[in-house]
Amino acid sequence: MTSWCWPSPAQEVIGPVPYYRIRDRRQGLSDGNVRLRHEVVLQTRFASMLRRPRWRTLVRSVVWALHLPEPVRQRLPVDGTFIFKLLDRRFVYHSDLHDGVGRALFWAAAEEYEAETLSVLLHLLQEAPANPTIFDVGANTGFYTLAVLAATPDAEVHAFEPVQHIARALSENVSANGFSRQVHIRACAVTEQSGHAALHIPDQTWGNATLSVDGFRGLEGHLEQVAAVALDDYASDRGLDHLDLLKIDVEGHEDAVLTGARRLMTEHRPAVLCECLPELNAAAFNDLIVGLGYEAYHLRASGPVHVPQVAADPTGRFKNFLLLPRERPRGDWLGTRHGTTP
């Protein structure tokens, strides 16, 4: 029988973070956007109140007692530092007012944040060889990079994040945990061809940057030309001789990432953790993984389920999948359950 080990809830140790992030955010708002300016002011005051231990304990207890839904929790800002417990390990996380990952980690019990994916990640790391190499594509502020190194201190992580201010936050989180020597941060997009790409960056959130020039689901934002790299080129330029795990979260462009990593996938046969949204070209993605000799598992709360193909949730919510080479031995933790594509 498969046994799932969930991480413990995050333990708060709130402290100040550099104020420049809040100041830069305000300067980026147009004078005419009064509603949004007022929202930023209110969020700043709320976050400042949470730095007081008594208020912080009270508010967090109320949030947990009321079982507030995720959309409500996602509007409660966290501007500070806390410790996230991962089994018997822990890491420090800095959160900004506009960091959706920080909000999710702080306000909810840890098992509510992509727990089905985190559990599989820990199993994959247990099976990995010594000194594993991991690519974190779409690293954001570094949750998965930090989780990998908290669980596997001898790992080497290459983290790719094209949005400059998010890449700086990623760097701060890595440095705060003493992981700088094990993490190589690349502030670039990952796609099928190296060069440059137009990246749509939302103005009102830290997430959902996309290579779709029209933006992610109507979010207002702006286009920036950013450096882009294909993973085959990146690995070849650095003489990397193995890749054990590839995590991809790029808002619907996962097929482009795999197209630019065909050689790596063929020669090194890494396990792949990836997100699937309706924006993904699922037909092209499934053709790729079949051609590369991989099988898909849908990551569910009850455990991974083998499915014939990757498919998005029609309601638009994210779904995460595990991709494994057909020839790779399956651990007992994976189970033998099969299902249809939801």
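In table form, for the structure just shown:
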{"read-out": "Of the criteria (1) loosely packed, with under 14 Cβ neighbours inside 10 Å; (2) closer than 22 Å to Pro132 by Cα; (3) without any contact (Cβ under 8 Å) to a residue 60 or more places away in the chain, which one Asp332 fails", "value": "(3)"}
{"read-out": "Residue in region 73-84 that is assigned by TED's automatic domain parsing to the domain that holds His94, at pLDDT 70 or above, in a helix (DSSP H, G or I) and surrounded by 12 or more Cβ atoms within 10 Å (Cβ to Cβ) present", "value": "yes"}
{"read-out": "Some residue of region 88-95 being surrounded by 16 or more Cβ atoms within 10 Å (Cβ to Cβ), modelled with pLDDT under 80 and outside any loop (DSSP other than H, G, I, E, B)", "value": "no"}
{"read-out": "Residue match in region 213-229 (condition: modelled with pLDDT of 95 or more, of a type outside the set (Lys, Arg) and surrounded by 19 or more Cβ atoms within 10 Å (Cβ to Cβ))", "value": "yes"}
{"read-out": "Matching option when the condition is of a type in the set (Asp, Glu), surrounded by fewer than 19 Cβ atoms within 10 Å (Cβ to Cβ) and not in a helix (DSSP H, G or I), among Asp313, Asp237", "value": "Asp313"}
{"read-out": "Residue list for region 318-329, filter: assigned to a loop (DSSP other than H, G, I, E, B) and either modelled with pLDDT of 90 or more or of a type in the set (S, T, N, Q) (or both)", "value": "Arg326, Glu327, Arg328, Pro329"}
{"read-out": "Residue match in region 65-74 (condition: within 15 Å of the chain's Cα centre (by Cα) and hydrophobic (A, V, I, L, M, F, W, C))", "value": "no"}
{"read-out": "Hits in region 158-185 - residues which are touching a Pro at 6+ places or on another chain (Cβ under 9 Å) and not in a loop (DSSP other than H, G, I, E, B)", "value": "Glu172"}
{"read-out": "Residue within region 263-280 that is of a type in the set (D, E, K, R), part of a strand (DSSP E or B), modelled with pLDDT of 95 or more and surrounded by 20 or more Cβ atoms within 10 Å (Cβ to Cβ) present", "value": "no"}
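The values are calculated or read from the model by the stated rules, or taken from the named source; none is laboratory data. As the structure is a computational prediction, the values presented were derived from the model and not from experiment. Positions of Cβ are generated from backbone atoms using ideal geometry, with glycine treated the same way; all protein chains shown enter the neighbour counts.
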